[in-house]
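This report concerns only the one structure given below.
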Amino acid sequence: MATSIRNTKMLLRRAFSVKRNETLARNLCFTRTLNANEDQDDSKKVVAEKKNKAELREAKQKEAKAKLNMLLESMSKTTSKAFPSESTLSLATPKIRAKPAKPVKRTAVNTKIEPEMLQAVEDVSNMLSKEKEASKNSLIAKLEAVADESERARLEPFKPNKQKTEDLNSLLNTLKVDGKKPKNKPPAPKLAPVKVEDIYGAQPSGIFSKAHFKEESSAVSGLATWDMLYERELELAVTHPPANGFQQMIRWTKQGKVWQFPIDNEQGLDEEAQVGFHEHVFLEPHLKPWCPRRGPVRHFMELVVVGLSKNPYLTVAQKKEHINWFRDFFEAKRSILIDTGAIPDITTKSSPSIST
Amino acid sequence: MASTTTMSKLLNFSSFLLQNTAQLLRNGMTNAIKLNQPVRNNWTDWRMMKDNRRRKLLVQYAPERVRAKALKKNDVLPPEITEIGAKMLADIPRDASLTRVRNRCAITSRPRGIVTRWRLSRIVWRSLADYNKLSGVQRAMW
């Protein structure tokens, strides 16, 4: 490839050089003739000029042709030198695998008609007539004709056939419905009314005696938000939350949540008002069953009771709950109290003394 | 699901009303509450919401706190019991502490300059008072 390019380049260069030589030659001969024409006669000069020109041209052409031929020959020589027809490299060759045997083609392959149709035609011909081949062929021919017509129609643009439209119109006119209203349908056959005397008189049929009713699979649905929203929707459907602030205030007034004027600090605490002050103040009886009479525990609980007695904000129930909590706490930490010596150990003592 | 969204919006609105009636009844301050913006909650800002959360925890853990404190802060009981009391107090969440609660303005959530009786910041208080929305409040002149 490279050599051929080089050769063409050389050719071109040579052609150009030939041309240059030609032009050079032309100039030369022109000047020569010019110089010559000064001496000779006019007619002679013209003929001589023409002769010279032609000769020169021919010579140059021949020279060029010869050179071209030489070039071409050299080209062919160079190409013939080049490379052996078969490569000397040892490359990897693919393994020759036996191709899977192709299925034997059917001789009667019809492109126009679908294979299913062909199968149907075969079945019909086998079933119906004795001359199976003839009938089959005739059917196939008809199908092919239809296929051809449809192909032609598909390719050509649709042109309404006047005759056919006329026929169709006449047909439709004959089939027109009369202007009468449709008749009522005959009434559905009515069943005779069932006479039921006693509903519970009959014996149970026992249809469902052996039935195993599965419990509805209450699988945990992972849609917690949806369930919540569904429940909320249900609540909203039943309740009617207030639409505005006025409705809300009306609702609260009815419920008694709104302050009554003149303001009474103990509004709403009617039950607590019935409880006497002695229950608030005298809380020592709550300590009596469990608390030891001496010791740090007693000291602590007395302080607690004094504090509670001075507390007007807690209800009696809350105060009791407070004391009971401490009781439970000290019960739980009994061992620690005994170890530290806060509670006298009862089990070790053999006889009770008068002082305690 | 359009019904649920409308219902939820309604509920949102109604709960918002429930929580902020004091503000809504004051016509002069409708511009402080933006009703046309999408909201995650109905608090003015997150700090207000957190403060509210702390208050709820405070109420929840109040008895526990009082008892644990009583056990801890006394020299009467043996030190073992006192230590147990200290541990109980430490186990209670920090947000249940009274010191963490901050009195904020109910409308603007301003932490400073609060008029305690009305739970409003001084700016809001002043604007409402000027519109004659605060009972018994009058411009001082003497």
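Let's see how each residue does on (1) away from chain B (no Cβ under 13 Å); (2) over 51 Å from the mean Cα position of the chain (by Cα):
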{"site": "A:Pro241", "(1), (2)": "no, no"}
{"site": "A:Gly245", "(1), (2)": "no, no"}
{"site": "A:Met249", "(1), (2)": "no, yes"}
{"site": "A:Lys257", "(1), (2)": "no, yes"}
{"site": "A:Phe261", "(1), (2)": "no, yes"}
{"site": "A:Asp264", "(1), (2)": "yes, yes"}
{"site": "A:Gln267", "(1), (2)": "yes, yes"}
{"site": "A:Glu271", "(1), (2)": "yes, yes"}
Legend entry - Matching entry among A:Pro189, A:Pro204, A:Pro160 (being more than 14 Å from every other protein chain (Cβ to nearest Cβ), outside any helix (DSSP H, G or I) and under 30 Å from A:Met117 (Cβ atoms)): A:Pro160
Legend entry - Output for the range A:314-334, where each listed residue is more than 17 Å from B:Leu71 (Cα to Cα) and either among the acidic types (Asp, Glu) or within 11 Å of another protein chain (Cβ to nearest Cβ) (or both): A:Leu314, A:Gln318
Legend entry - Filter result (among the hydroxyl-bearing types (Ser, Thr, Tyr) and within 30 Å of B:Leu71 (Cβ to Cβ)) within the range B:90-142: B:Ser97, B:Thr99
Legend entry - Options A:Ala147, A:Ala153: the member that is in a helix (DSSP H, G or I), aliphatic (A, V, I, L, M) and under 18 Å from A:Leu118 (Cα atoms): A:Ala147
Inset, instruction - For A:Leu308, state whether it is within 16 Å of B:Thr82 (Cα to Cα), within 12 Å of chain B (Cβ to nearest Cβ) and in a helix (DSSP H, G or I). - result: no
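Condition check ((1) within 30 Å of A:Ser309 (Cβ to Cβ); (2) exposed (fewer than 10 other Cβ atoms within 10 Å of the Cβ); (3) hydrophobic (A, V, I, L, M, F, W, C); (4) out of contact with any Ser or Thr (no Cβ under 8 Å at 6 or more places or on another chain)) across all residues:
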residue	(1), (2), (3), (4)
A:Tyr200	no, yes, no, yes
A:Lys214	no, yes, no, yes
A:Leu223	no, no, yes, yes
A:Glu231	no, no, no, yes
A:Leu236	no, no, yes, yes
A:Pro242	no, no, no, no
Legend entry - Entirely in the range B:44-142, the helices (runs of 4 or more DSSP H) that have 1 or more residues that are of a type in the set (D, E, K, R) and in contact with a Gly (Cβ under 8 Å, 6 or more places away or on another chain): B:46-72, B:122-130
Inset, instruction - Name every residue in the range A:311-326 that is surrounded by fewer than 17 Cβ atoms within 10 Å (Cβ to Cβ) and in a helix (DSSP H, G or I), in order of residue number. - result: A:Val316, A:Ala317, A:Gln318, A:Lys320, A:Glu321, A:Asn324, A:Trp325
Inset, instruction - Kindly list, by first and then second residue, each pair from a residue in the range B:72-90 that is touching a residue at least 24 places away in the same chain (Cβ under 8 Å) and more than 11 Å from chain A (Cβ to nearest Cβ) to a residue that is crowded, with 17+ Cβ neighbours inside 10 Å and in a helix (DSSP H, G or I), limited to pairs with Cβ atoms under 8 Å and residues at least 6 apart or on different chains. - result: B:Leu89/B:Arg65; B:Leu89/B:Ala68; B:Leu89/B:Lys72
Inset, instruction - Please state which of the following conditions A:Trp290 fails to meet, knowing it meets all the rest: (1) part of a loop (DSSP other than H, G, I, E, B); (2) farther than 24 Å from B:Lys69 by Cα; (3) away from chain B (no Cβ under 14 Å). - result: (2)
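Bear in mind that the values in this text are calculations on the coordinates, not laboratory data. None of the values given here were measured: they were computed from a predicted structure. All Cβ positions, even for glycine, are placed from backbone atoms using ideal geometry, and neighbour counts span all protein chains on display.
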